[in-house]
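We did not get these values from a lab; they are worked out from the coordinates using the rules stated. Note that this is a predicted model, so its numbers are computed, not measured. Here the Cβ positions follow ideal geometry from the backbone for every residue, glycine too, while neighbour counts run over all protein chains shown.
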Amino acid sequence: MREIVLDTETTGLDVLNGHRIAEIGCVELINLVPTGVTWQCYLNPQRANELEAFNVHGLSDAFLAKQPLFRAKAEEFIDFIGDSMLIIHNAEFDLKFLNNELKQIGMDTIKGERVTDSLSLARTIYPGQANSLDALMKRLGVDASARTRHGALLDAELLAQVYLELRGGRQADLALTSESSEATFQAGGVESGRELREARPHDATEEEIARHEAFLDSLDDTIWRRFTAG
């Protein structure tokens, strides 16, 4: 099962006011294991950042003006995500921006049914609690020390760790421990390289038998004695 954890950075919060995507970051998971394969690009949004957005991601207007337009990277982006399920935190926000960009160049939009919203997932697990990405990283012990500013790829990598914890922990690949992986076995299922020990005795001692008989003597018409008498 292939999933893509995705995040965006934008010039502002409202796509209806003409704000656009400045960065896209994607991280690939296969069967809930990060593969190390990522996709990232900065984009020329053809407009200025709002100050609040710049303070979040630190991508200057001058820097973004030198980046490619979305239409130049769209095919590469669509090819990378393929038909995989997308994992997005607060998916409604990112989908509005992604679909706005796709509509502008006449490409098919991304349908909501192929998106897992990790914010909704977190709310079902931690109802009534803060479930922002920052709050979840702190709660789940995800190291965010490298995150001095928001970045789409970095946030996607951090979200991937959070998502795996929400899905049951980063041990989801069922990897063998070093101890168990070093075990060797011979044909026929006989384990080698292991110290053989004598089986522990399981017969009752004379003292245990005497205590059991004394207990039976204290009972009236025990089923045990009727069963063993014959």
For segment 2-166, alpha-carbon Rg relative to the globular expectation (2.2 N^0.38 Å, N residues): 1.00
Tally Lys and Arg at +1 and Asp and Glu at -1 over the other residues with C-beta under 12 Å from the C-beta of ALA91: what net charge comes out? -2
Sum up the charges of everything whose Cβ sits under 15 Å from the Cβ of ASP61, counting Lys and Arg as +1 and Asp and Glu as -1, but leave ASP61 out. -1
Tell me which lysines have Cα within less than 21 Å of LYS73's Cα, excluding those fewer than 8 residues away on the same chain? LYS96, LYS103, LYS111
Burial ordering of LEU16, LEU133, fewest other beta-carbon atoms within 10 Å first: LEU16, LEU133
Can you compute the charge dipole magnitude of segment 2-166 about its Cα centre, using +1 on each Lys and Arg Cβ and -1 on each Asp and Glu Cβ, nothing else charged? Give it in debye, rounded to the nearest 20. 160
Of all DSSP beta bridges in segment 2-166, antiparallel share, percent nearest 5: 75
